[in-house]
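> Below you will find the structure I want to go over with you.
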Amino acid sequence: MKINKKKLILVSGGARSGKSTFAEEWAAKYGKKVLFIATAERSDEEMDQRINEHIKNRPNSWETVESPLNISESLNESHMDYDTIILDCINLLSSNALLKLPENSSQRESDEAILIQIDDVLQIYNKFSATLIIVTNEVGLGLVPPYKLGRLFRDSLGRANQKIAKIADEVIFMVSGIPLYVKK
């Protein structure tokens, strides 16, 4: 079965809950031409190996764009013919934006920096005719981080996730590799 109507799908959950696997399996099943947008930065040898391994494990027909910030700037007219786009992940995109701020930034400044990135992502969804599958971490279920940067990140990412979930067609929460449909 192929999907004709574009959708915005948010896949959330904890670390190693199966979010990325779910998104990739969805795209492999329903997508004809898939674009994978990776927000991880190649910061050291270990990250290079992890990123290269992920790329190697995806179908050869999928294109990967590595874009740690301002994702729309990495896309062009040649990307308009994709029917499925996976963005993995909002938490790294948010972290990348937060780490560009001065050390003494406020919650408002953190929220603004991250929500600018989210607005950029939503512009991609509005401009393209593809289904957009967004992967993110659910960070509000644990302890309050003991340091300021962690609290800024948790609160801003929570707001970003809420913004996406509000307009998403589907929201899936992954638990131990099992999808729970929160919104369908």
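We did not get these values from a lab; they are worked out from the coordinates using the rules stated. A quick note: this is a predicted structure, and the numbers were derived from the prediction, not measured. In this analysis, Cβ positions are derived from the backbone assuming ideal geometry, glycine residues included, and neighbour counts consider all displayed protein chains.
> Would you tally the residues in segment 19-43 being touching a residue at least 12 places away in the same chain (Cβ under 8 Å) and in a loop (DSSP other than H, G, I, E, B)?
Number of matching residues: 7.
> Mind telling me which of the residues Thr84, Thr64 ends up being among the hydroxyl-bearing types (Ser, Thr, Tyr) and touching a Gly at 6+ places or on another chain (Cβ under 7 Å)?
On inspection, the qualifying residue turns out to be Thr84.
> Yes or no: Arg16 basic (Lys, Arg), under 30 Å from Gly150 (Cβ atoms) and either within 16 Å of the chain's Cα centre (by Cα) or in a strand (DSSP E or B) (or both)?
So Arg16 passes the test.
> Of all residues in segment 117-140, which are farther than 21 Å from Asp83 by Cα and either without any contact (Cβ under 8 Å) to a residue 60 or more places away in the chain or hydroxyl-bearing (Ser, Thr, Tyr) (or both)?
Gln117, Val139, Gly140
> Return the residues of segment 152-173 that are without any contact (Cβ under 8 Å) to a residue 12 or more places away in the chain and more than 18 Å from Cys89 (Cβ to Cβ); say none if nothing qualifies.
Lys166
> Test of understanding: among Ile55, Ile90, which residue is out of contact with any Asp or Glu (no Cβ under 7 Å at 6 or more places or on another chain), touching a residue at least 60 places away in the same chain (Cβ under 8 Å) and either surrounded by fewer than 16 Cβ atoms within 10 Å (Cβ to Cβ) or under 15 Å from Val135 (Cα atoms) (or both)?
Ile90
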